[in-house]
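Data first, discussion second: the structure below is written as structure tokens.
Just so it is clear, none of the values below were taken in a lab; they were calculated from the coordinates. Treat the numbers as computed from the prediction; the structure is a model and nothing was measured. For neighbour counting, all protein chains shown are included, and Cβ atoms are generated from backbone atoms with ideal geometry for every residue, glycine included.
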Amino acid sequence: MTLASTEKRQIAWITVGAIAVFLFLRFLPTGTNLNHMDFRVNAKNSIDFCDPLNPQFIPVVAVASPVTLALANDGSPIAAGKEARFTLTLKTASGKLIAPEDLIVAHTKLLHLLIVDPWLDDYQHVHPEPGRAKGEWTFVFTPKREGRYRVFADFTPVATARGLYASVDVPVGNAAPDGLTLTMQHATAWSFERDGFQFELKPAALPIKAQRPADLKLLITRVGGGAVPMEPVMGAFAHLVAFDEARSGFAHLHPMEIDLAQRPDATRPELNFKITIPRAGRYVIWAQVNLGGRESFVPFWFEVSP
């Protein structure tokens, strides 16, 4: 046998072995009965496997999502200041229910709900838990005011390994008719004081312009001086969520400082973020942080120029 034929035979065996390993891994059970095609939607303008490593403003309401979101409660009136309990279901474009085994843990949770009132003054971040029936999720939240709240779902299916989104509205009390957009004028505010702490969000340059990347720095100090007991929340030292005035979508941002072993400065922590906003208009960014075991939510209002 010649050296050339021996090399060819070795290459052939290596190729066959590689194919066998690939097929073995391909057909290993993943725990999910869903596949990539279950999340395909036939629409010209659709959400399609957004990359969580490159966060952008996601126009969830205006485009077709490959997932539908539905909520149901026990039939009792949903009122401001009263805890409301819901059962949530997510379905793929092919009509299949999405269960816990169909989702990947992202930022320590399987499913994130971003809930906001019509004036963007009440923002809540909720994590539903699996219900008794397959494909059902349960959660509670207490709306602070009347109005048509909007619930955005943020999740990552096993079958796609990319972030997907869906939304639904929940009327609270005497909510405005469906389709009516209500807005409230808010003054531009890049700083906010709450619970004895001063929060600042500093853009690297002003004005922030549409379609151009913007660098943001979140700074926190204790009023009167002292330590800022910053702790991780959902696998990061802070989360920022941006909404436009019409609540057409959102951007979920995480700090560039991703190593939790490298703690921010004890008295003046600083975290850096990037965002690209596609259109001019009025926006709010809600910051979520954990200070000494207590979560705080802080809003920053600003204008985006053309």
**Request:** List, in order, the whole-Hz ³J(HN,Hα) value for each residue of the stretch 294-301 obtained from phi through the Karplus relation with A = 6.51, B = -1.76, C = 1.60 and θ = phi - 60°; use x for Gly and Pro.
**Result:** 10, 7, 10, 10, 10, x, 10, 9
**Cα centroid separation - the stretch 221-295 against the stretch 111-146, whole Å** = 20
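Eigenvalues of the Cα gyration tensor times 5, then square-rooted: what semi-axes does that give for the stretch 113-160, in whole angstrom, largest first? Write out the running numbers ahead of the final one.
Values: eigenvalues 116, 37, 12 Å².
After diagonalising the Cα gyration tensor, the semi-axes are 24, 14, 8 Å.
Could you line up ILE115, ILE98, ILE208, ILE258 from fewest to most neighbouring Cβ atoms inside 10 Å? Could you put the intermediate results ahead of the total?
Values: ILE115 17, ILE98 29, ILE208 21, ILE258 10.
If I rank by nearby Cβ atoms, fewest first, I get ILE258, ILE115, ILE208, ILE98.
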**Prompt:** For GLU245, which sequence-distant residues (separation of 5 or more, or a different chain) have an amide H within less than 5 Å of its own amide H, given hydrogens modelled in the peptide plane?
**Reply:** ARG282
**Message:** Report the Rg/Rh value for the stretch 191-305, based on alpha-carbon coordinates and the Kirkwood definition of Rh.
**Reply:** 0.96
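If you rank ASP244, ASP117 by fewest surrounding Cβ atoms within 10 Å, what's the result? Each step should come with its number before you reach the end.
Values: ASP244 20, ASP117 24.
In order of increasing Cβ crowding within 10 Å: ASP244, ASP117.
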**Item:** D (Stokes-Einstein, µm²/s), Kirkwood Cα radius, the stretch 229-280, 1.002 mPa s at 20 °C
**Value:** 170
**Request:** Collect residues whose amide H, placed 1.01 Å from N in the peptide plane, falls under 5 Å from the amide H of TYR123; neighbours closer than 5 in sequence don't count.
**Result:** none
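Starting from the exponent 0.38 and prefactor 2.2 Å, build the expected Rg for the stretch 36-172 from its residue count and divide its actual Cα Rg by it.
Values: Rg = 14.7 Å, N = 137, 2.2 N^0.38 = 14.3 Å.
Working it through for the stretch 36-172, the quotient is 1.03.
Given a Förster distance of 22 angstrom, what is the FRET efficiency for ALA261 paired with THR221, based on the Cβ-Cβ distance and rounded to 0.05? Mind dumping the intermediate values first?
Numbers: r = 23 Å, r/R0 = 1.05.
Between ALA261 and THR221 the formula returns 0.40.
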